[in-house]
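A.B. asks: Have a look at this one.
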Amino acid sequence: MKKATYQQTKQHNRDLVLRTIFASETVSRAEVARITSLTRTTVSEVVNGLIAEGLVDEVGRGESLGGKMPILLSIVPDSRYAIGLNLGQEKFVGAIVNLRGEIKETVEIPVHDKNGQQALEAVYQIINQLVRTRLKPIIAIGVGTPGLVNTSQGTVLNAVNLDWQDLPLGKLIHKKFKLPVSILNDSQATAIGEYVYGGSAESEGNLIVVNVKHGIGAGILINGRLFQGDGGGAGEIGHVVVQENGELCRCGKRGCLETVSSASAVLRRLHMDSLDQVLAAYEAGQAEACLVIANAAHYLGISLANLIGIMNIQKIILTGDMTRFGSGWMEMVRTSMQAAALSRMSEGVHLEMGTLDYRACILGASAHLVLNDYSLLFTRED
Ligand SMILES: [Zn+2]
């Protein structure tokens with residue numbers, strides 16, 4: 001193995017210390033040294049640099065364990081910002097997010113019937129408005145988009161609703177705004193958001209978030225890292241066929257999960273225009289509405305059982321519009337999931353609803369680049 005250069009070691013230590021300070025509200029230099037196994041001297045040196053960069057601050061004194069009370073360190077939440085976008089079915093929403101996941105400024109544009117170039121222009125317009133606010137510096141832009149995405153190339157391979165094929169979205173945004181850009185599938189971005197900011201980070205580090213809205217997709221985190229598979233589509237469960245000779249899907253196949261369990265499937269089956277209408281009928285106990293929702297929950301549960309069989313992940317979070325049908329819906333999903341999975345594997349599964357709503361996608365998209373590369377936070381040393 002090659003010996004790390006001085007520069008590499010310095011960067012590695014810096015990332016490690018910053019990651020440790022990030023992970024807690026407040027922490028002392030001594031604790032950082034203990035957690036990272038770096039020497040006290042190294043930690044102090046790195047921390048001085050972080051304070052000089054404005055990233056970390058001394059925020060008071062902690063409990064003493066005998067000696068003098070240690071000085072506590074904390075991330076300065078508003079020292080850096082990132083932009084996150086959620087390209088939803090009805091509207092595109094963009095926001096400026098600080099280092100603690102607080103949304104500081106939001107811009108949204110309704111996108112009915114906008115597709116192709118018009119949809120792209122709407123994305124530019126949102127970013128344009130956000131970069132012109134007083135919130136600086138902005139260090140990265142992340143986009144959560146529906147469809148199949150190649151994140152390493154920043155390309156949207158196929159987003160049917162937006163009529164985007166092989167769109168180099170990352171490169172286009174980068175060219176216009178000169179910032180690092182990450183493009184993620186919206187369900188994958190949502191999974192990161194729920195993991196980092198939804199209070200799930202303390203779990204084992206494995207998590208599946210299933211986003212059930214007009215489409216259906218899942219985001220899978222393994223050891224706290226997004227797993228995208230070989231083609232970027234890990235978690236694309238919405239277009240797996242669950243009903244032979246079922247309804248025609250927008251992807252061209254018949255009987256995809258999306259044609260049964262998504263919000264649009266429910267609307268179509270009940271010939272209704274809005275989920276509010278469906279919800280009212282369901283809550284009033286209208287037989288047909290109850291049947292369609294039960295059927296939707298049933299097939300979703302079977303798909304979750306498949307995920308459990310493959311991944312054996314014990315924490316699953318449900319998000320998206322269909323969660324409006326509440327705990328009754330979730331219990332039907334759970335019942336069918338448990339009936340379809342090996343009981344020893346499904347009985348320990350925690351199935352819950354997400355806490356962040358549409359914000360999860362924005363937060364996850366904004367955090368993705370920074371979490372993978374803490375060096376983005378630093379002023380460039382040339
Ligand atoms: Zn399909």
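A.B. asks: Counting only residues that are open to solvent by less than 40 Å² (accessible area, probe 1.4 Å) and aliphatic (A, V, I, L, M), which one in segment 247-265 is farthest from the ligand (Cβ to nearest atom)?
C.D. replies: Here the answer is Ala263.
A.B. asks: Scan segment 343-359 and report the pairs whose first residue is in contact (Cβ under 8 Å) with a residue 60 or more places away in the chain and whose second residue is assigned to a loop (DSSP other than H, G, I, E, B) and surrounded by fewer than 16 Cβ atoms within 10 Å (Cβ to Cβ), with Cβ atoms within less than 8 Å and a gap of 6+ or a chain change.
C.D. replies: Final answer for the pair search is Thr355/Gly199.
A.B. asks: Sticking with this one: Show the residue pairs that are 6+ apart or on different chains and have beta-carbon atoms under 9 Å apart, the first residue being within segment 247-265 and touching a residue at least 12 places away in the same chain (Cβ under 8 Å), the second being among the aromatic types (Phe, Trp, Tyr) and more than 6 Å from the ligand (Cβ to nearest atom).
C.D. replies: So the pair list comes out as Leu257/Tyr299; Val260/Tyr299; Ser261/Tyr299.
A.B. asks: I need the full set of residues from segment 320-350 which are within 18 Å of Ile310 (Cβ to Cβ) and either in a loop (DSSP other than H, G, I, E, B) or of a type in the set (Lys, Arg) (or both), in order please. Outline the logic, then answer.
C.D. replies: As a first pass, look at segment 320-350 and keep what is within 18 Å of Ile310 (Cβ to Cβ): 333, 336-350.
Residues satisfying the conditions are Ala341, Leu342, Arg344, Glu347, Gly348, Val349.
A.B. asks: Could you tell me which residue of segment 186-210 is farthest from Leu369 (Cα to Cα), considering only residues that are outside any helix (DSSP H, G or I) and open to solvent by less than 10 Å² (accessible area, probe 1.4 Å)? Working first, answer last.
C.D. replies: Kept after step one, since they are outside any helix (DSSP H, G or I), are these residues of segment 186-210: 198-210.
Keeping just the survivors that are open to solvent by less than 10 Å² (accessible area, probe 1.4 Å) gives 200, 205, 207-210.
On the way: Ser200: 19, Gly205: 18, Leu207: 19, Ile208: 20, Val209: 19, Val210: 22 Å.
Restricting to residues being outside any helix (DSSP H, G or I) and open to solvent by less than 10 Å² (accessible area, probe 1.4 Å), the top hit is Val210.
A.B. asks: Also, I was wondering about something else. Looking only at residues in segment 160-182 that are over 26 Å from Cys249 (Cα atoms) and part of a strand (DSSP E or B), which one is most open to solvent (accessible area, probe 1.4 Å)?
C.D. replies: Val181
A.B. asks: Here's a follow-up. Out of curiosity, is Gly285 open to solvent by less than 60 Å² (accessible area, probe 1.4 Å), within 16 Å of the ligand (Cβ to nearest atom) and assigned to a loop (DSSP other than H, G, I, E, B)?
C.D. replies: Working: open to solvent by less than 60 Å² (accessible area, probe 1.4 Å): yes; within 16 Å of the ligand (Cβ to nearest atom): no; assigned to a loop (DSSP other than H, G, I, E, B): yes.
No; evaluated as a whole, the condition is false for this residue.
A.B. asks: Looking at Ala218 and the list (1) outside any strand (DSSP E or B); (2) touching a helix residue (DSSP H, G or I) at 6+ places or on another chain (Cβ under 6 Å); (3) buried (at least 18 other Cβ atoms within 10 Å of the Cβ), which single condition is not satisfied?
C.D. replies: Here Ala218 clears every test but (1).
A.B. asks: Out of (1) within 22 Å of Gly88 (Cβ to Cβ); (2) modelled with pLDDT under 95; (3) of a type in the set (Lys, Arg), what's the single condition that is false for Arg225?
C.D. replies: Of everything listed in (1) within 22 Å of Gly88 (Cβ to Cβ); (2) modelled with pLDDT under 95; (3) of a type in the set (Lys, Arg), Arg225 misses just condition (1).
A.B. asks: Also, quick follow-up: Pick from Arg268, Arg225: which is among the charged types (D, E, K, R), within 16 Å of the ligand (Cβ to nearest atom), closer than 22 Å to Gly147 by Cα and open to solvent by 10 Å² or more (accessible area, probe 1.4 Å)?
C.D. replies: Numbers: Arg225 fails: within 16 Å of the ligand (Cβ to nearest atom).
None of the others qualify; the one that does is Arg268.
A.B. asks: Quick check on segment 361-380. Is at least one of its residues within 24 Å of His239 (Cβ to Cβ) and either open to solvent by 40 Å² or more (accessible area, probe 1.4 Å) or free of Cβ contacts under 8 Å to residues at least 12 places away in the same chain (or both)? Show your work before the answer.
C.D. replies: Here is the first cut: in segment 361-380, the ones within 24 Å of His239 (Cβ to Cβ) are 361, 364-365, 368.
In the following step, the residues that additionally are either open to solvent by 40 Å² or more (accessible area, probe 1.4 Å) or free of Cβ contacts under 8 Å to residues at least 12 places away in the same chain (or both) were identified as none.
The answer is no, given that none of the residues of segment 361-380 is within 24 Å of His239 (Cβ to Cβ) and either open to solvent by 40 Å² or more (accessible area, probe 1.4 Å) or free of Cβ contacts under 8 Å to residues at least 12 places away in the same chain (or both).
A.B. asks: Mind telling me which of the residues Ile138, Ile109 ends up being modelled with pLDDT of 95 or more, closer than 21 Å to Ser375 by Cβ and either touching a helix residue (DSSP H, G or I) at 6+ places or on another chain (Cβ under 7 Å) or open to solvent by 60 Å² or more (accessible area, probe 1.4 Å) (or both)?
C.D. replies: Values: Ile109 fails: closer than 21 Å to Ser375 by Cβ.
When all the criteria are applied, what remains is Ile138.
A.B. asks: Let me ask something else about it. When the residues of segment 76-91 are filtered to those that are of a type outside the set (S, T, N, Q) and within 16 Å of the chain's Cα centre (by Cα), which remaining residue is nearest to Asp321 (Cα to Cα)?
C.D. replies: Initial filter on segment 76-91 (of a type outside the set (S, T, N, Q)): 76-78, 80-85, 87-88, 90-91.
Of the ones still in play, those that are also within 16 Å of the chain's Cα centre (by Cα) are 82-85, 87-88.
Details: Ala82: 26, Ile83: 24, Gly84: 20, Leu85: 18, Leu87: 15, Gly88: 11 Å.
If we take residues in segment 76-91 being of a type outside the set (S, T, N, Q) and within 16 Å of the chain's Cα centre (by Cα), then Gly88 is nearest to Asp321 (Cα to Cα).
A.B. asks: Testing Val240 on (1) within 10 Å of the ligand (Cβ to nearest atom); (2) open to solvent by less than 30 Å² (accessible area, probe 1.4 Å); (3) within 18 Å of Leu318 (Cβ to Cβ), one condition comes back false. Which one is that?
C.D. replies: Going through (1) within 10 Å of the ligand (Cβ to nearest atom); (2) open to solvent by less than 30 Å² (accessible area, probe 1.4 Å); (3) within 18 Å of Leu318 (Cβ to Cβ) one by one, Val240 breaks only (2).
A.B. asks: Among (1) out of contact with any Lys or Arg (no Cβ under 6 Å at 6 or more places or on another chain); (2) at pLDDT below 95; (3) closer than 19 Å to Ala367 by Cα, there is one condition Leu99 misses while meeting the rest; what is its number?
C.D. replies: With respect to (1) out of contact with any Lys or Arg (no Cβ under 6 Å at 6 or more places or on another chain); (2) at pLDDT below 95; (3) closer than 19 Å to Ala367 by Cα, Leu99 is out only on (1).
A.B. asks: Pick out the one residue from Ser24, Ser44 that is polar (S, T, N, Q) and within 29 Å of the chain's Cα centre (by Cα).
C.D. replies: Details: Ser44 fails: within 29 Å of the chain's Cα centre (by Cα).
On inspection, the qualifying residue turns out to be Ser24.
The values are calculated or read from the model by the stated rules, or taken from the named source; none is laboratory data. Note that the coordinates shown come from a computational prediction; the quantities given were computed from them, not determined experimentally. Note that each Cβ is placed from the backbone with ideal geometry, even for glycine, and that neighbours are counted across all protein chains shown. When the accessible area is computed, the model is the full protein with side chains, heavy atoms only, and any ligands, DNA or RNA have been set aside. Shrake-Rupley method; radii C 1.70, N 1.55, O 1.52, S 1.80 Å.
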